[in-house]
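J.: This is the structure I want to talk about, given as structure tokens.
Any read-out appearing in this document is the output of simple, stated calculations on the displayed coordinates, not a laboratory observation. Bear in mind the structure is a predicted one, so any value in this text is a computation, not a measurement. Here the Cβ is made from the backbone with ideal geometry for all residues, glycine too, and neighbour counts use every protein chain on show.
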Amino acid sequence: MKREYVFVQDEDRFYERVYVEDIYYIEKIKSTHYCKVIYKTGEGIVRADIKHLEGNLGANLYKVKASTLINLKHVWRIYMDKRLIYFTKDIYCTFSAKNSRRIKEELRVNFMAGHC
């Protein structure tokens, strides 16, 4: 099976191959043509429009607001009151209120333990 990836530029201006399954989330950087990519071993930027990334990586990433795509496989916790999705203790992003119900359904938040 072919693994999808993107090349992400780090702070030292090196390009690193990042496999989609290692991405926590991708977020558009306001007023630029770049997106910030947060992944298991770091973060960097990619010159791309969020819609382009959604179109090319959309099967693996889930849109939680107009400017943010997340990898559902890495969601650890959700704080619905403040609309925060955590991937680790310190890595999180926000989601839009209009997507709250859809996110809960996708992540099966209302299912009782033992029924999965």
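J.: Less than 13 Å from a label point 7 Å out along the Cα-to-Cβ axis of Leu84: which backbone N atoms in segment 13-50 qualify, by residue?
T.: From segment 13-50, the list is empty.
J.: Sticking with this structure for a sec: Fully extended, how many nm does the chain gain between Ala66 and Tyr19 (0.36 nm per residue separation, minus their Cα-Cα distance)? Walk me through the numbers on the way to the answer.
T.: On the way: separation 47, 0.36 × 47 = 16.92 nm, distance 2.25 nm.
Taking 0.36 nm per residue and subtracting the Cα distance, the gain is 14.7 nm.
J.: Points 7 angstrom from Cα along the Cβ direction at Arg77 and Lys51: gap in nanometres?
T.: If labels sit at Arg77 and Lys51, their model points lie 3.6 nm apart.
J.: I'd like the chymotrypsin sites (Phe, Trp or Tyr not before Pro) in segment 12-99 restricted to DSSP loop residues with at most 15 other Cβ atoms within 10 Å, sorted by number. Could you put the intermediate results ahead of the total?
T.: On the way: sites: Phe14, Tyr15, Tyr19, Tyr24, Tyr25, Tyr34, Tyr39, Tyr62, Trp76, Tyr79, Tyr86, Phe87, Tyr92, Phe95; in loops: Phe14, Trp76, Phe87, Phe95.
Here the sparse-neighbourhood loop sites are Phe14, Trp76.
J.: Which whole-number percent is the relative contact order of the chain (Cα, under 8 Å, 6+ apart)?
T.: Contact order relative to length: 17 percent.
J.: Of Asp49, Asp22, Asp81, which is the most mobile in a GNM of the chain whose springs link Cα atoms less than 10 angstrom apart?
T.: In the Gaussian network model the winner is Asp81.
J.: While we're here: List the trypsin sites (Lys or Arg not before Pro) in segment 1-106 that DSSP assigns to loop (not H, G, I, E or B) and whose Cβ has at most 10 other Cβ atoms within 10 Å. Which are they?
T.: Loop-located and lightly packed - Lys2, Arg3, Arg13, Lys30, Lys82, Lys89.
J.: Once phi is turned into ³J(HN,Hα) by the Karplus curve 6.51 cos²θ - 1.76 cosθ + 1.60 with θ = phi - 60°, what whole-Hz value does each residue of segment 25-35 show in order, with x for glycine and proline?
T.: Here the 3J(HN,Hα) series is 7, 10, 9, 5, 8, 3, 6, 9, 9, 10, 10 Hz.
J.: Averaged over all directions, how much area does the convex hull of the C-alpha atoms of the chain cover when projected, in nm²?
T.: 8.5
J.: Read phi for every residue in segment 11-24 and hand back ³J(HN,Hα) as whole Hz from Karplus 6.51 cos²θ - 1.76 cosθ + 1.60, θ = phi - 60°, with x for Gly and Pro.
T.: Calculated HN-Hα couplings, in order: 5, 8, 6, 7, 9, 10, 6, 10, 6, 4, 5, 9, 7, 7 Hz.
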